[in-house]
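Worksheet: one structure, shown below.
The values are calculated or read from the model by the stated rules, or taken from the named source; none is laboratory data. This is a predicted model, so every value here is computed, not measured. FYI the Cβ positions are ideal-geometry reconstructions off the backbone, even for glycines, and counts take in every protein chain you see. In case anyone asks, the SASA skips ligands and DNA or RNA and just uses the protein heavy atoms, side chains included. Shrake-Rupley method; radii C 1.70, N 1.55, O 1.52, S 1.80 Å.
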Amino acid sequence: MRDVSIIGIGQTPVGEHWDKSLRELAYQALLAAMQSAGVERVDALYVGNMLSGELTAQEHLGALIADFAGLRGIEAIKVEAACGSGAAALRVGYMAVASGLCDLVACIGVEKMTDQQGSTVTSALAMAADAEYEALQGLTFVSINALLMRRYMHEYGYRKEDFANFAINAHANAVNNPYAMFRSPITAAQFAEAKPIADPINLLDSSPIADGAACVILAPTSIAREFTDKPVRVRAIAIATDTLAVHDRRDPLYLEGGALSAQKAYAMAGVGPADIDVFELHDAFTIMSALSLEAAGFAPRGQGVRLAMDGEIGLNGRIPITTMGGLKARGHPVGATGMYQIVEVAQQLREEAGLNQVKNAQLGMAQNIGGSGATVVTTILERI
Amino acid sequence: MEVARYWRTTKQRYQLVGEKCPQCGRRIFPPRDVCPVCGHEARTAVQFSGKGEVYSYSVVHVAPEGYEKFVPYIVALVRLAEGPLVTAQLTDVDESEVWIGMPVEMVTRVLREDGERGMLIYGYKFRPALPVNNQAPQAAAQPMRTPLPKANGVHPEPVLQAAMP
Ligand SMILES: [Zn+2]
């Protein structure tokens, strides 16, 4: 197996892009990444996306984007794993380069959600859950997370406001990210008064749907410096799965897929949670931040919220998370989110995070979650 | 177009028919072809009692297509007496009256409605169980078959093991 590095990164602003189609967003991110790497062609293109068929009546994104980007002829396919699609596409690109089958690979995450009405998007997102036994009962994605949050509060004795710092931290960091959707800070008082959307989840527990695309270019580490003086090495990338439905889990409050994928990634990289300087986690809802911190080994069971309450998740904290705004404030274009996380970790390791730069960040991790935890992709990146 | 899809799961939805693993005895709902505990083929159909208690709950205000006319509605994870969790709506109860641990029982109701001339899809929902003193003595004395996990802060073991027969 060959060692693999990221040699270029690109992203579009996250938001409501009324004027741009899915293919234009993907091309914009791809072009930025290719220019960042100084390449004019790649051997293959892997596109992470969840909902293009449902929301834009367009599938077959590999060929579509390759053609639109002037790369007709190359290998190009779509990779789907619900909200974990972005990092799943990186995993496929990683395998292509590590195996020696491809030298230069582009991995894109792209989603176009704002063309559709709320109920259409709500139904589409619910497709990440079990269609016959969760969605058929009228469950929405937010209500599944609400079930987890209420039980978590019940078992471990937390109050709603104990989750506030996850959202406050994300918004504070998004202020300095020009690509973020919500660049305004929020206060604990605003969190307390936020409109409930599926009790106990309120509007400020939840990440917004959005349009966006992000992209990285991969190459063998052995030639990475021919393209950039700031390569970022992929130390590990691992996917693990759990039951699609929450009710089938051994313990709904434990992300077994998250723990398994983190353990695989730690083993592959030969590191542990104490070695990680920055962690981009999947804060689709504040409860997911807590569960992800626990699954990835940063907190014991039931203690993930404590890290937020104790101020350990800030840029100078014990484990900085959502350093560019996270899903909450950067925005959550579902199939693109995993690739945004990778780009943001790379920004930190390339010292390109501006005012949000985590001092001396050497090792960064991202955890991208599909559905309510059925697919989890953990990636560990290193500055070299 | 979707009639067959709904028809395939009518036994589960109308009668809460799941399975019992012939190898390890685990009760399984929803039914699946392989026992999640021991990996044995699971084919023995078992009808569940429909009794259980609320494990967690929330309320849907923004509904998916086909559910709009029912909002707001209460959704829950229900721990069935036989062990498995099931995802379902609660009915015949106000949100303010629901609590974690509340005893519930299954009823059959309309789940979704597809358009004005579309199909009505029926299935299980759960309502508050009748008070114990209103039930027949032998029914009231019948214990839950499996101990439910205690809400005491930390699970010493995954719930699945605590719920195994
Ligand atoms: Zn078994």
Given charges at beta-carbon only (K, R positive; D, E negative), |dipole| of chain A in Debye: 560
Surrounding net charge for residue A:49, when Lys and Arg each add one and Asp and Glu each subtract one, Cβ distance under 10 Å: -1
Cα-based reach from residue B:20 at 23 Å (exclusive), listing lysines while leaving out same-chain residues under 8 positions away: B:11, B:51, B:125
Per residue, in Å², the accessible surface of the stretch B:1-47 once ligands and nucleic acids are set aside, probe 1.4 Å: 60
Rg/Rg_ref, the stretch A:336-384, where Rg_ref = 2.2 N^0.38 Å and atoms are Cα: 1.22
Net charge contributed by nearby residues that have their C-beta within less than 14 Å of residue A:274 (K/R +1, D/E -1): -2
Cα-derived Rg to Rh of the stretch A:74-129, Kirkwood definition: 1.11
Tail beyond 12 Å, pair distance distribution of the stretch B:1-47 (Cα, percent): 57
Hull volume in cubic angstrom per residue (convex hull over the Cα atoms of the stretch A:168-235): 148
Residues in the stretch A:130-172 that, when all protein chains are in place, have 40 Å² or more less accessible area than the chain alone would give (probe 1.4 Å): A:132, A:133, A:136, A:137, A:138, A:139, A:147, A:150, A:151, A:154, A:155
List of the stretch A:246-271 residues, accessible area with partners at least 20 Å² below that of the chain alone (1.4 Å probe): A:247, A:248, A:250, A:251, A:252
The stretch B:45-135: trypsin sites (Lys or Arg not before Pro) falling in loop per DSSP and having at most 12 other Cβ within 10 Å: B:117
The stretch A:106-175: Cα Rg divided by the 2.2 N^0.38 Å rule of thumb: 1.45
Computed [θ] at 222 nm, helices only, for the protein assembly as shown once each DSSP H run of length n ≥ 4 contributes -39500 (n - 2.57): -8000 deg cm²/dmol
With every protein chain in place, chain A: carbon and sulfur % of accessible area (1.4 Å): 51
Accessible area per residue in Å² at 1.4 Å probe, computed on the stretch A:22-147: 33
Low-density loop cleavage sites - trypsin sites (Lys or Arg not before Pro) in the stretch A:317-368, where at most 13 other Cβ are within 10 Å (DSSP): A:318, A:359
Area hidden from solvent between B and A (accessible, protein heavy atoms only, 1.4 Å, total, Å²): 3500
Most to least accessible of A:183, A:306, A:91 (protein chains only, probe 1.4 Å): A:183, A:306, A:91
Where N is the number of residues in chain A, Cα Rg divided by 2.2 N^0.38 Å: 0.90
Potential extension, residue A:3-residue A:75 segment - 0.36 nm per residue separation minus Cα distance: 23.8 nm
Heavy-atom SASA rank of B:55, B:122 (probe 1.4 Å, accessible area, largest first): B:122, B:55
Given A:195/B:69; A:112/A:195; A:230/A:359, the pairs whose alpha carbons are separated by over 23 Å: A:112/A:195
Residue-count net charge about residue A:216 - beta-carbon cut-off 13 Å; Lys, Arg +1, Asp, Glu -1: +3
Set of aspartates and glutamates with alpha-carbon distance to residue A:20 below 19 Å, sequence-local pairs under 8 removed: A:54, A:59, A:67, A:111, A:115, A:211
Along each principal axis, Cα extent of the stretch B:49-130, largest first, Å: 37, 25, 21
Among beta bridges that DSSP assigns inside chain A, antiparallel share in %, nearest 5: 70
